[in-house]
1. Translational diffusion coefficient, Stokes-Einstein: compute it for segment 16-100 using the Kirkwood radius over C-alpha pairs as Rh, at 4 °C and 1.567 mPa s, and state it as an integer in µm² s⁻¹.
2. Taking amide H atoms as placed 1.01 Å from N in the peptide plane, list the residues 5 or more away in sequence, or in a different chain, whose amide H sits under 5 Å from that of SER21.
3. Please list the non-local residues whose amide H lies under 5 Å from the amide H of PHE32, H modeled 1.01 Å from N, same-chain partners needing a gap of 5 or more.
4. Through the Karplus equation 6.51 cos²θ - 1.76 cosθ + 1.60, θ set to phi - 60°, convert the phi angles of segment 147-158 into ³J(HN,Hα) values in whole Hz; use x for Gly and Pro.
5. Nothing charged except the Cβ atoms of Lys and Arg (+1) and of Asp and Glu (-1): what's the magnitude of the dipole of segment 16-100 about its Cα centre? Round to the nearest 20 debye.
6. Using only the C-alpha atoms of segment 28-174, find the volume of their convex hull and express it per residue in Å³.
7. Would you mind counting up the charge near PRO118? Only other residues with Cβ under 11 Å from its Cβ, with Lys and Arg at +1 and Asp and Glu at -1.
8. Got a sec to turn the phi values of segment 101-116 into Karplus ³J(HN,Hα) couplings, 6.51 cos²θ - 1.76 cosθ + 1.60 with θ = phi - 60°, whole Hz, x for Gly and Pro?
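Bear in mind that the values in this text are calculations on the coordinates, not laboratory data. What you see is a predicted model; the values in this text were computed from it and never measured. Backbone-built Cβ (ideal geometry, glycine too); neighbour counts: all protein chains shown.
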Amino acid sequence: MSSTRATSRTGPIDWVGELPSDERYNDPDADFILVSSDDVGFRVKRGFLQAYSRTWEATLNSDIHPEAHLNLIDEDIENSHVIRLFLDLQIGHEIKLTRGDLGIMRSCVDFGIKYNCPSLNALLSSQGRKMLQQPDVGPGKIFILAAHLNDARLAADAIRNSGNLVCSEPPTPRNGRSRSDIPSRVVVNRPLNEVMFMPIPLWWTTDQIEENLNHRNRREVRGRGAMEIASWPWAEVFRLPLEYVFALSRTAMLHNLQPGQRSYEHAARCFLDIIEG
């Protein structure tokens, strides 16, 4: 879900040629500069952008958009991290995404929706499957990514890979703050009717989500199965498409998703049957 802030600048800007360039996307023969919301210039071919996006295919036509640059200002889904990932995936650069990239990947989903990028979801799904093999990327996080991609098969793969993984207490925040010093925006002993109407934070990175879990909630979720949705951060559950919440919850009623089960194959098949109808 992107923010409601404006998403384009208007009028010429004299300083566009002096912007810092992305290290990888700095083609001296480029005929176009894509400027991220944090003012990083991506020098690429105009035709490349038109090939990747149906929106840009129409709007970046030189007759309609004669300027040699496009300026993006949505800080949530048009920053340099998202633009770089978008171009890496579309061009086919060899990249290895890690747990800390999950927030960027999900912002990239919204970017693809906004600019109608037909191949982007499949590329993100492929990266999600690779990440399932990384020991520090929990299958629950891949399930959440899959839900936003509307990729039921990837979500089922996440269930299959949940194995004996459990939800555990996150480490002390990297910035050294004590757990009693977590910002007031988190859920701390609030009734459910208040929590449900709290503003959902913009895409957090995985570390930010875990940092903002209050200590009481951490104790409650420890030891739960990685696919037990009630143990997940509230902000992520509230953001999930309803059909995925329902399908996983119904699967948990029919199959034991607690750790220590011999196989989750039947649960994965059950989930697919429910969500695909």
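1. Values: Rh = 13.3 Å.
Answer from the Stokes-Einstein relation: 98 µm²/s.
2. GLY41
3. Under 5 Å from the amide H of PHE32 lie the amide H atoms of VAL44, ARG46, each far enough along the sequence or on another chain.
4. Running phi through 6.51 cos²θ - 1.76 cosθ + 1.60 with θ = phi - 60° gives 4, 6, 7, 6, 10, 5, 5, 5, 4, 5, 4, 5 Hz.
5. Charge dipole of segment 16-100: 380 debye, to the nearest 20.
6. That works out to 122 Å³ per residue.
7. Taking every Cβ under 11 Å from that of PRO118, the sum is 0.
8. Whole-Hz 3J(HN,Hα) from phi for segment 101-116: 8, 4, x, 5, 4, 6, 5, 5, 4, 5, 4, x, 5, 4, 9, 6.
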